[in-house]
1. When ranked by the protection proxy of mean other Cβ atoms within 10 Å per residue, highest first, what sequence do the peptides 195-203, 289-297 form?
2. Can you tell me the length gained on complete extension of the stretch residue 3 to residue 149, counting 0.36 nm per residue apart and subtracting the Cα distance?
3. For a 26 Å ceiling on Cα separation, which of these pairs sit above it: 113/151; 75/275; 76/298; 76/113?
4. For residue 269, list the lysines whose Cα falls under 28 Å from its own Cα; do not include residues on the same chain fewer than 8 positions away.
5. Please report how far the C-alpha centroid of segment 163-213 lies from that of segment 1-20, rounded to the nearest whole angstrom.
6. Within 10 Å, count the other beta carbons around each residue, average over each peptide in 254-264, 48-58, and list them highest first.
7. Run the numbers for residue 326 and residue 299: contour at 0.36 nm per residue of separation, minus the present Cα-Cα distance, in nm.
8. Could you tell me what percent of the DSSP beta bridges with both partners in the chain are antiparallel, to the nearest 5?
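Only the coordinates and a few stated rules stand behind these numbers; no lab work does. Only a predicted model underlies this, so the values are computations on that prediction, with no experimental measurement involved. Ideal geometry is used to build each Cβ from the backbone, glycine not excepted, and the neighbour counts take in all protein chains shown.
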Amino acid sequence: MSNNLIFSGIQPTGNLHLGNYLGAIRNWVKLQHDFDCIFCVVDLHAITIPQDPAVLRSSIREVAAGMIAAGVDPKKNILFNQSRVPAHAELAWVLNCIARIGWLNRMTQFKDKAGKNRDNATVGLYVYPNLMAADILAYKATHVPVGDDQKQHLELARDIAQAFNSQFGVDFFPLPEPQIFKTAARVMSLRDGTKKMSKSDASDQSRINLTDGPDEIAQKLKRAKTDPLPLPETEAELEDRPEAANLIGIYAALSDRSAAEVVAEFAGKGFAEFKPRLAELAVSVLGPIGLEMQRLTKDPGYVDQVLREGGEKANAIAAPIVDQVHDIVGF
Ligand code: ADP
Ligand code: NA
């Protein structure tokens, strides 16, 4: 259809949530019809922070099941988990020898994730962006749909690709372009409108998981933090009301409407009226996905087969590219 190749990844580190769905997976489902897409469960990235092996094993299946349940079609795309394809780790090593310490020192996500005791963070967490560059470049992917949070890492991947090309005097790696989706680029925590909804948030009340049932979804939204004012009359008023902005943004994304339309519909109404409507909408979109996910995780044979076959297809693309890289480097 085109020469564009999309690569995107998701970590198998816990519950898939509404932010992953609206910010990533739902966009992948739309892209798969028009582009060649490679979707990767990035398990090598997950171990940059200690993982329980049994939990990791089941999270890999769960994340893959969530993607399939949400509509990522394994026949239309390549869907696999990263550790199956040696090219990722092999190319990451070469890129470790291209990227500079000073470039990595600028990465804000490392600073956030490593916290105060930086000396105790794993080396893997530090070079995580080099592995992400390898994920993309091992396929010579041209486009990478990313949330706001990954923009800096993608910039680094471009810098590394360019540095490789110039060090060896080749025009080998294309510079991957970010694809940022405007709606729901950042779904915020239900408990704190200034933090992003995340799998790693200790409070399960902060996020809506794709496996949550109707009652859980309604309860979490009922308890979601809001200010005491009624819903705003204009979109401009949302600027200093992060919780209201987040809930309206979620409503808009789930109903495929603009925030302005949602503001107009609920102008001046109370959250006590809005929240049950949002819950109803969320249940109608997420309910079927959660049920399908449960069905798929009960019978992991199918998911394992998808990952195995996806891994073979991914390897067939990436292995020859890494062979060429080795040749360029001089092995
Ligand atoms: P998490 O931050 O929950 O661990 P990942 O880092 O695995 O999630 O991200 C997987 C994908 O989901 C990425 O494309 C990321 O940009 C997107 N994503 C994660 N959290 C959110 C959020 N709160 N809002 C929008 N998109 C998100
Ligand atoms: Na496709």
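1. Listed from highest to lowest mean packing, they are 289-297, 195-203.
2. 49.9 nm
3. 75/275; 76/113
4. By straight Cα distance, residue 269 reaches 182, 195, 196, 220, 222, 225.
5. If we compute the Cα centre of each part, the gap is 9 Å.
6. Order by mean packing, descending: 254-264, 48-58.
7. Computed gain between residue 326 and residue 299 is 5.7 nm.
8. 10 percent
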